[in-house]
Amino acid sequence: HRDLHSFPTRRSSDLPLMVRVQSIYSWVIALVALLLAAPVMVVAAILVKVTSPGPALYKQSRVGLNGEAFTIYKFRSMRADAEAKTGAVWAQKNDPRITPLGRFLRKSRIDELPQLFNVLRGEMSVVGPRPERPEFVATLSEQIPYYRQRHVVRPGITGWAQINHKYGDTIEDTVKKLEYDLYYIKNLSPTLDLLVMFHTAKVMLLSRGAQ
């Protein structure tokens, strides 16, 4: 993990200012996106309700800015009892817990649209590191150097790691994604965020990358 060990533990002097600036334009982008996506979200919510038992929205605790927990919102893509027996586990390739509609929602990233409300609430940004569950953060922080450094910025609906690395459920994948996250944090700017959003839109149109 050479790249991780070389990452500085001290924040750059302009990072707090950049985080505040990002929160402003993320809020504006999220509001516009929410207005544009409202019809799609209404249809998605109805389809989730009528195709499988359970609520349309899925709520889960995630770790955000400065390590503070918040509740994330998504359209439910798994069975309502998906973790009743296993507890918190990563999603896997061809995960049997995912519903047929949920598979489409994940591939198209439509399941992520309710997170626009998290952005409006100031808990997330449009772009940033993927927010993880507290159970995973506790474990990964013990195994991977600088893992908690991800929390010096708000987590994002999409991010540099998400567009550059496939979804993974191993420690090796997590380390690789962390390298992308740390690069993003060191280079945080509106230009980089715009680049990530452009590539994310491309992924959504091509329905690639999620599972």
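The values are calculated or read from the model by the stated rules, or taken from the named source; none is laboratory data. None of the values given here were measured: they were computed from a predicted structure. Note that we place each Cβ from the backbone using ideal geometry, even for glycine, and neighbour counts take in every protein chain shown. When the accessible area is computed, the model is the full protein with side chains, heavy atoms only, and any ligands, DNA or RNA have been set aside. Shrake-Rupley method; radii C 1.70, N 1.55, O 1.52, S 1.80 Å.
The table for this structure:
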quantity: Long-range HN-HN contacts of Y58 with modeled amide H, under 5 Å; calculated: K74, F75, R76
quantity: Pair R79, L34: separation of 7 Å Cα→Cβ label points (nm); calculated: 3.4
quantity: Cα gyration tensor shape of segment 31-84, rounded if a/c is under 1.5, else prolate or oblate by comparing a/b with b/c; calculated: oblate
quantity: Cβ-based net charge around E123, under 11 Å, with every Lys or Arg adding one and every Asp or Glu removing one; calculated: +2
quantity: Y25 accessible area, 1.4 Å probe, all protein chains in place, Å² to nearest 10; calculated: 50
quantity: Rounded accessible area of D14 (nearest 10 Å², 1.4 Å probe); calculated: 90
quantity: Across K59/K176; K107/K166; K74/K202; K59/K202; K176/K202; K74/K166, pairs whose alpha-carbon gap is larger than 24 Å; calculated: K59/K176; K59/K202
quantity: Probe 1.4 Å - accessible area at L206, Å² to nearest ten; calculated: 100
